[in-house]
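Right, one structure below, let's go through it.
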Amino acid sequence: LPAESDTGMFGGNPNWRGPVWFPINLLIIRALLHYYLYYGDDFTIECPTGSGHQMTLFEVAKEISDRLISVFRRDQSGHRPVYGGMATFQDDPHWRDLLLFHEYFHGDNGAGLGASHQTGWTGAVARLIQLFGSVGAAEVLHGPPLPLAHPYQPPSGP
């Protein structure tokens, strides 16, 4: 299975060999956007691999972002991948809209794994929704810088 290592030859914790970790994907998205600033629309790569479909680096970054966001979206049957087979979170009206930000996610089905209170790094999905929901490729190339995070600004006033 792609999400599970079946060899012990690398030693240590196998969590770093298969599951989806949001921080790593955020770094990849950021790098793709930086390279897009340099190469623009003239440079394309095949995405997904083996599809024959060419995308700009902005489009690839958005594709990865959309895949991360889709972990929390309901599918056609109303289920969220993040909850896997947890019927209470999938079907119970009192629980189905509670979103848990797990530590990492199953690489094949998106089910949340590890700690379910990792709002620090997995909560960054909100920034991806905001970023790609408010800017397009032209704004990235020709607009002001768009950081993935902003420094905290305390409120002014009493």
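A cut-off of 5 Å between modelled amide H atoms, ignoring neighbours fewer than 5 places along the same chain, links LEU113 with GLU103, TYR104, PHE105, HIS106. Among SER65, SER77, SER116, a tally of other beta-carbon atoms within 10 Å of each Cβ gives an order, fewest to most, of SER77, SER116, SER65. Based on the Stokes-Einstein relation at 37 °C and a viscosity of 0.692 mPa s, and on the Kirkwood radius from alpha carbon pairs, the range 67-107 is assigned a translational diffusion coefficient of 313 µm²/s. Residue by residue, the range 47-62 carries 3J(HN,Hα) couplings of 8, x, 3, x, 7, x, 8, 8, 9, 6, 5, 4, 5, 5, 4, 5 Hz when phi is fed to the Karplus relation 6.51 cos²θ - 1.76 cosθ + 1.60 (θ = phi - 60°); x denotes Gly or Pro.
With the biggest extent put first, the Cα atoms of the range 28-131 measure 49, 29, 22 Å across the principal axes.
Every read-out reported here was derived from the displayed coordinates using simple, explicitly stated rules and does not represent laboratory data. Model, not experiment: these values are computed from the prediction. Virtual Cβ from ideal backbone geometry, glycine too; neighbours counted across all protein chains shown.
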